[in-house]
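Trainee: Pasting in a structure now, in structure tokens, and then I'll have a few things to ask.
Please treat every number below as a calculation from the coordinates, not as lab data. Everything numeric here is computed off the predicted structure, so don't read it as measured data. As a convention, Cβ positions derive from the backbone with ideal geometry for all residues, glycine included, and neighbour counts pool all protein chains shown.
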Amino acid sequence: MKFSPWAIKTIIISALIIIAAFFITGYLSWSHYQGRIYPGTWIGGLDLGGKTLDEARGLLSEHIKKIELDGLKFQYNGKSSVLSTTIASFDSDLSYSAVSFDLEETLSNAYGNKSERDFPSYLWRILFLPGPNHVTATYSLNDDAVKSFLADNFPELNINPENAYFSTANSKNGQLKLSRNLERPGKEINYGQALEEIKMNLDNLQNNTILIRTRSKYPSVKQSDLDLLEPEIQAIVGRGSLILRRPENDNSTSTEYWVIKPDHLITWASVQSNSGRLELNFDLDKIKEYLRTVIAPEIDREAILPRFEIKDGRVTSWQTGKNGRALDLEASASAISNSLLAGKNEISLIIKDVTAENLNPENDLSIKEIIGTGHSKFTGSPANRRHNITVGAAALHGLLIKPNEEFSLIKTLGDVSDKTGYLPELVIKGNKTVPEFGGGLCQIGTTIFRTALASGLPITMRQNHSYRVSYYEPAGTDATIYIPQPDLRFINDTGNYILIQARIIKDDLYFDFWGTKDGRTATTTDPIIYNIVKPEPTKIIESEDLKPGEKKCTESSHNGADAYFDYKVVYPEGATSTPTHERRFKSHYIPWQGVCLIGKTASSTASSTLENIRLSNEATSTSPNQKAADLPAASSSDSINH
């Protein structure tokens with residue numbers, strides 16, 4: 001069939017009209033959605049299509065607040081427990097967020113970036129991506145906090161399996177009788193599954209109850225495995241006790257040897273599979289546990305780190321270094337196992353030296369002047385917190401940081417417990433309070449961070465607090481530590497030793513870094529604080545730890561915010577191939593809801609009591625740290641650039 005020129009012309013014109021109409025309609029539609037979220041955009045069951053940014057922000061905020069108020073809900077066979085999204089404490093340093101939403105980032109993902117908002121991208125979406133656009137919420141989830149909560153609240157679900165094992169008993173004629181004990185299976189909470197379901201909920205701004213599931217844990221050694229090895233075990237029992245001796249070069253005057261009787265020795269026996277063949281072995285973990293608890297306390301001697309003190313501007317010796325020693329648990333356990341299998345019943349333990357640099361004032365330490373000072377205030381701190389700040393500062397005072405060493409605050413502080421002089425503070429988990437150590441140590445972390453900045457040192461690890469803490473204003477200049485993570489770390493790249501000196505003057509904590517200036521200059525800008533977000537009203541939790549009607553409140557509410565400051569270090573000419581180091585330190589603080597515990601009352605009066613307390617807390621702030629909250633913010637120069 002042949003078309004006439006007129007028909008062809010008509011077809012072309014019609015096609016052009018249709019195309020033009022499509023583009024015009026598309027352009028008008030695109031224009032309509034300027035400042036609005038594109039149609040078909042969903043977060044879970046929430047339709048954000050066509051909403052303005054303010055409208056979407058309101059909807060998202062409503063869903064986020066509900067999750068934050070309700071907490072994460074868990075259930076197992078009728079037993080329920082709720083993990084608060086904020087773990088509150090009576091010391092702000094021990095408070096942290098279990099779940100933290102980033103509302104603005106979530107909103108930005110739904111709206112799209114600049115390249116996704118132009119007209120060609122909109123047409124591409126209409127033509128080739130016509131289905132719904134599912135966006136997930138942006139948040140951070142503290143996996144460790146979830147696991148710890150589940151383990152604490154459902155302890156009956158974590159049962160370790162027990163391997164079949166040999167034991168002995170005295171028979172009627174006084175001989176040791178060998179017996180085999182049956183293995184027992186165990187189980188554990190399926191943490192991976194629980195976290196996966198939580199994240200699925202949070203991705204879609206939902207908060208369905210998580211049904212906890214368990215998974216079986218099976219023993220690796222069965223009773224039938226022991227049958228084949230009984231002759232070998234009998235031979236070991238027949239050789240009598242195991243003698244563990246100190247090394248010949250150990251001059252200690254305490255216990256020279258330890259005797260392990262057969263009835264205890266036999267509990268270390270284990271079975272392993274070697275190319276499908278069962279062989280007798282010994283459980284190294286059980287041996288190491290015995291060595292650690294029984295023998296190591298008599299052998300171990302801590303190394304004494306060298307410490308120095310500045311007096312009248314000069315370095316004087318305070319404590320020279322002294323080597324220590326420690327029982328090598330791994331090597332000794334292996335030696336015991338190998339010797340027993342080889343038919344030996346007398347073994348020398350293995351001790352390793354723990355070296356400490358033996359520095360003294362005669363060494364050229366190049367400690368001549370202060371290279372940087374950091375400062376923070378702890379006005380309003382309760383007694384336990386003040387005590388812990390003093391203990392933490394003393395633990396650092398006089399220590400030396402080697403050239404090129406990466407300083408770790410957590411590693412340097414070491415054990416934080418009552419054994420090292422710290423006092424506990426109460427943390428709210430669920431509706432109970434439990435004691436934890438470490439309150440006040442973020443004052444140490446923040447001040448050391450500011451000192452490292454003032455000294456122009458490279459910061460390798462730093463994390464801000466979950467929410468703004470009054471002790472560490474201005475916002476953005478703080479550093480939190482929480483054993484084992486997060487840590488505060490930096491590198492001594494000065495080429496000389498750095499000496500740490502601590503000063504506490506009334507409510508002011510100072511750290512001075514002494515060393516030798518190399519000509520570098522360090523500057524920081526004043527923090528820029530923005531995106532201020534108000535918190536929810538104070539949360540009231542009924543508690544069985546308090547008397548009926550008794551009230552106890554933690555740190556007061558704090559606005560959420562974002563903050564940043566710029567850090568610049570300029571090195572002297574020729575000192576480095578990169579003469580300028582620049583870095584922006586960013587901090588995100590969630591709006592922190594105040595928390596009050598109220599002693600559980602009779603159900604008939606509980607609701608009115610809780611409402612009265614809620615209204616009281618909205619009208620006035622009644623926090624133990626109120627004085628600190630009312631402090632004026634310190635200036636940037638006071639906080640960072642001493």
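Trainee: Name the cysteines of the chain that stand alone by the Cβ rule: no other cysteine Cβ under 4.7 angstrom.
Mentor: Cys442
Trainee: Turning to a different aspect of this structure: Placing +1 at every Lys and Arg Cβ and -1 at every Asp and Glu Cβ, with all other atoms neutral, what dipole size does the chain have around its Cα centre, in debye to the nearest 20?
Mentor: It comes to approximately 1000 debye.
Trainee: Expressed as an acute angle from 0 to 90° and rounded to the nearest 10, what is the orientation of the C-alpha long axis of helix 119-128 relative to the principal long axis of the chain?
Mentor: Value to nearest ten degrees: 80.
Trainee: Over every pair of different alpha-carbon atoms in the stretch 470-519, take the mean of 1/r and invert it; report that Kirkwood radius in Å.
Mentor: 13.7
Trainee: Can you list the HN-Hα couplings for the stretch 474-484, worked out from phi with the Karplus curve (6.51, -1.76, 1.60; θ = phi - 60°), rounded to whole Hz and with x for Gly and Pro?
Mentor: These are the phi-based 3J(HN,Hα) values: x, 4, x, 10, 9, 8, 9, 10, 8, 4, x Hz.
Trainee: Taking the Cα centre of the stretch 42-103 as origin, work out the dipole magnitude from +1 charges on Lys and Arg Cβ and -1 charges on Asp and Glu Cβ, in debye rounded to 20.
Mentor: That gives the stretch 42-103 a dipole magnitude of about 280 debye.
Trainee: Which ³J(HN,Hα) values, rounded to whole Hz and listed in residue order, are derived for the stretch 286-292 from phi using the Karplus coefficients 6.51, -1.76 and 1.60 in 6.51 cos²θ - 1.76 cosθ + 1.60 with θ = phi - 60°, glycine and proline given as x?
Mentor: Per residue, the Karplus-derived 3J(HN,Hα) values read 5, 5, 5, 5, 5, 4, 5 Hz.
Trainee: Under the rule of at least 5 residues apart or a separate chain, name every residue whose amide H is placed under 5 Å from the amide H of Met461.
Mentor: Long-range HN contacts for Met461: Arg489.
Trainee: Related question: Computed over the Cα atoms of the chain, what is the ratio Rg over Rh, Rh following Kirkwood?
Mentor: 1.08
Trainee: Moving on. Could you work out how far helix 191-203 tilts from the main Cα principal axis of the chain, as a 0 to 90 degree angle to the nearest 10?
Mentor: Between helix and principal axis, roughly 20 degrees.
Trainee: To two decimal places, what compactness ratio does the stretch 403-500 give when its Cα radius of gyration is scaled by 2.2 N^0.38 Å?
Mentor: 1.18
Trainee: Do any of Lys65/Lys429; Lys79/Lys419; Lys534/Lys600 go past 26 Å between their Cα atoms, and which?
Mentor: Exceeds cut-off: Lys79/Lys419; Lys534/Lys600.
Trainee: Each residue of the stretch 149-162 in turn: what ³J(HN,Hα) in whole Hz from Karplus with 6.51, -1.76, 1.60 and θ = phi - 60°, glycine and Pro shown as x?
Mentor: The phi angles translate into 5, 5, 5, 6, 9, 10, x, 5, 8, 10, 10, 5, x, 10 Hz.
Trainee: Would you compute, from DSSP H runs of 4+ residues alone, the mean residue ellipticity of the chain at 222 nm, taking -39500 (n - 2.57) per run and dividing by the full residue count, rounded to the nearest 500?
Mentor: Result for the chain, helices only: -9000 deg cm²/dmol.
Trainee: Could you line up Leu441, Leu83 from fewest to most neighbouring Cβ atoms inside 10 Å?
Mentor: Ascending number of Cβ neighbours within 10 Å: Leu83, Leu441.
Trainee: Moving on to the next point. With the dipole of the stretch 87-170 worked out from charges on the C-beta (+1 for Lys and Arg, -1 for Asp and Glu) around the Cα centre, which of Ser115, Pro161, Ile87 lies farthest toward the positive end?
Mentor: Ser115
Trainee: Magnitude of the Cβ-charge dipole of the stretch 183-258, K/R +1 and D/E -1, about the Cα centre, nearest 20 debye?
Mentor: Result for the stretch 183-258 is approximately 240 debye, rounded to the nearest 20.
Trainee: Roughly how many Å is it from the Cα centre of the stretch 8-64 to that of the stretch 414-477, as a whole number?
Mentor: Going from one Cα centre to the other spans 49 Å.
Trainee: Considering every Cα-Cα pair within the stretch 223-354, what fraction, in whole percent, is farther apart than 18 Å?
Mentor: The proportion of pairs with Cα distances above 18 Å equals 61 percent.
Trainee: In the stretch 223-354, if the dipole is taken from +1 on Lys/Arg beta carbons and -1 on Asp/Glu beta carbons about the Cα centre, which of Val294, Ser270, Val237 is farthest to the positive end?
Mentor: Toward the positive end, the furthest listed residue is Val294.
Trainee: Does the stretch 187-262 come out rounded, prolate or oblate, given a ≥ b ≥ c as the square roots of the eigenvalues of its C-alpha gyration tensor, rounded meaning a/c under 1.5 and, failing that, prolate meaning a/b above b/c?
Mentor: Here the stretch 187-262 falls in the oblate category.
Trainee: Taking the convex hull of the alpha carbon atoms in the stretch 97-250, what volume per residue do you get, in Å³?
Mentor: Per residue, the Cα convex hull of the stretch 97-250 comes to 303 Å³.
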